Amino acid sequence: MRSRIAVIVMAVLLGLYLVLVGQRAVLFVLTGEPVAIAIGVALIVLPIVGAWALTRELLFGFAAERLGRRLESDGALPTEEFAARPSGRLDRNAVDAAFPAYRTAVEQAPEDWRAWYRLGLAYDGAGDRRRARAAVREAIRLER
């Protein structure tokens with residue numbers, strides 16, 4: 001719940017920032033000066049890209065959370081317990097030892113979103129966020 005509140009607060013703050021930048025962009029364009037117009041146009045693009053990125057990340061987060069809840073209700077979440085380091089991160093060696101089973105499950109059932117989601121959890125536990133997000137995106141795509 002705390003993370004959801006943090007996401008909402010950050011999204012609201014980013015939205016406020018984008019609105020303020022958008023207002024400044026319009027003011028730059030209205031000056032009529034060529035350099036100010038160029039700056040204004042650049043600042044108009046920034047809120048559009050920011051809004052797109054924010055929307056994309058929120059939709060990804062909501063979809064990933066929905067799949068996680070669904071997997072949990074099916075009792076299909078990974079059950080392994082891994083030792084954690086003092087920092088709270090999982091012990092990478094333990095996660096790496098369990099990783100091949102998740103990779104094999106995806107290779108055996110490439111159209112199973114559950115296998116992809118569990119693979120994403122394994123990547124995340126191993127500290128590979130880029131691959132974790134890609135695997136969860138694939139799970140979201142397959143589940144649809």
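So that you can scan it fast, the table gives a plain yes or no per residue for (1) of a type outside the set (V, I, T); (2) assigned to a helix (DSSP H, G or I); (3) modelled with pLDDT of 85 or more; (4) not assigned by TED's automatic domain parsing to the domain that holds Y117:
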{"site": "L13", "(1), (2), (3), (4)": "yes, yes, yes, yes"}
{"site": "L18", "(1), (2), (3), (4)": "yes, yes, no, yes"}
{"site": "G22", "(1), (2), (3), (4)": "yes, yes, yes, yes"}
{"site": "V26", "(1), (2), (3), (4)": "no, yes, yes, yes"}
{"site": "G32", "(1), (2), (3), (4)": "yes, no, yes, yes"}
{"site": "A38", "(1), (2), (3), (4)": "yes, yes, yes, yes"}
{"site": "R56", "(1), (2), (3), (4)": "yes, yes, yes, yes"}
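Checked against the criterion of being surrounded by 11 or more Cβ atoms within 10 Å (Cβ to Cβ) and closer than 30 Å to R144 by Cβ, the candidates R56, R66 yield just one match: R66. All conditions but one from (1) surrounded by 14 or more Cβ atoms within 10 Å (Cβ to Cβ); (2) without any contact (Cβ under 8 Å) to a residue 12 or more places away in the chain apply to R129; the one that does not is (1). State yes or no: is L71 touching a residue at least 24 places away in the same chain (Cβ under 8 Å), of a type in the set (A, V, I, L, M) and surrounded by 11 or more Cβ atoms within 10 Å (Cβ to Cβ)? Here the answer is yes, as L71 does meet what is asked.
The values are calculated or read from the model by the stated rules, or taken from the named source; none is laboratory data. The shown structure was predicted, so the numbers you read here are calculated from the model rather than taken from an experiment. Don't worry about glycine lacking a Cβ; one is built from the backbone with ideal geometry, like all the others, and counts go over all protein chains shown.
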